[in-house]
1. Just give me the residues in region 71-82 being within 15 Å of the ligand (Cβ to nearest atom) and crowded, with 19+ Cβ neighbours inside 10 Å, in sequence order.
2. Looking at (1) more than 14 Å from the ligand (Cβ to nearest atom); (2) open to solvent by 70 Å² or more (accessible area, probe 1.4 Å), which is the only condition Phe60 fails?
3. Just one of the numbered conditions (1) near the ligand (Cβ under 9 Å from one of its atoms); (2) farther than 17 Å from Asn3 by Cβ; (3) surrounded by 14 or more Cβ atoms within 10 Å (Cβ to Cβ) is not true of Val92; which one?
4. Would you call Phe126 of a type in the set (Phe, Trp, Tyr), buried (at least 19 other Cβ atoms within 10 Å of the Cβ) and more than 15 Å from the ligand (Cβ to nearest atom)?
5. Note down all Cβ pairs under 7 Å where the first residue falls in region 7-31 and is hydrophobic (A, V, I, L, M, F, W, C), the second is modelled with pLDDT under 95 and more than 7 Å from the ligand (Cβ to nearest atom), and they're at least six residues apart or on different chains.
6. Hey, can you tell me all the residues within region 1-25 that are assigned to a helix (DSSP H, G or I) and within 12 Å of the ligand (Cβ to nearest atom)?
7. Might you let me know whether region 43-57 holds any residue that is among the aromatic types (Phe, Trp, Tyr) and touching a residue at least 24 places away in the same chain (Cβ under 8 Å)?
8. For region 4-50, give me each residue that is open to solvent by 20 Å² or more (accessible area, probe 1.4 Å), among the aromatic types (Phe, Trp, Tyr) and under 20 Å from Asn67 (Cβ atoms).
Amino acid sequence: MINKELILKAIEARENAYCPYSNFKVGAAVLFEDDKIYTGCNIENASFGATNCAERTAIFNGISHGNRLIKAIALIGDPNAFTYPCGICRQVISEFAESKDTKIYIIKNENEILEKTLEEIMPGTFTKEDLDK
Ligand code: THU
């Protein structure tokens, strides 16, 4: 069953987006192993490459509070389409995801949500296990 609070918090976080260059708001919410939800928005910069995506803002927020395991993540970008996480964010999700089956909720609006797994959106991801080989 979809965690309604996770969805609503991602939608709410989107409102705090700082995106004067793209005007493309994104919000994310992440459930961590402490059973708390950490949120984030995209934060742009005049030096465009310094921009941080909403997913990474939310993940770094949870990690900074001592967490290390993502149990689920939800994100919303364009409210008229399904916005998937960018490649860099998929890589960061894969660093901390509890498993390959960790759920990623892609929100268009409160009633239209795609449920994906990490494996579905990031097959064959490079992880710390590869470094041990
Ligand atoms: N963006 C995100 O926040 N997450 C994504 O996964 C895709 C892109 C942001 C970055 C930038 O502020 C804006 O969307 C346009 O690329």
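1. Selection gives Ile73, Ala74, Leu75, Ile76, Gly77.
2. (1)
3. Looking at each condition in turn, Val92 falls short on (1).
4. no
5. Matching pairs, first to second residue: Leu31/Asn3.
6. Step one: filter region 1-25 for residues assigned to a helix (DSSP H, G or I), giving 4-14.
Answer for region 1-25, where residues must be assigned to a helix (DSSP H, G or I) and within 12 Å of the ligand (Cβ to nearest atom): Ala10, Ala13, Arg14.
7. Applying the first criterion (among the aromatic types (Phe, Trp, Tyr)) to region 43-57 yields 48.
Those left that are additionally touching a residue at least 24 places away in the same chain (Cβ under 8 Å): 48.
Looking for residues that are among the aromatic types (Phe, Trp, Tyr) and touching a residue at least 24 places away in the same chain (Cβ under 8 Å), one finds at least one in region 43-57, hence yes.
8. Passing the criteria: only Tyr38.
The values are calculated or read from the model by the stated rules, or taken from the named source; none is laboratory data. Note that the structure is a prediction, hence the values are computed from the model and not measured. Counting neighbours? That spans all protein chains shown, and the Cβs are built from the backbone with ideal geometry, glycine included. Note: accessible area is taken over every heavy atom of the protein model, side chains too, but ligands, DNA and RNA are not part of it. Shrake-Rupley method; radii C 1.70, N 1.55, O 1.52, S 1.80 Å.
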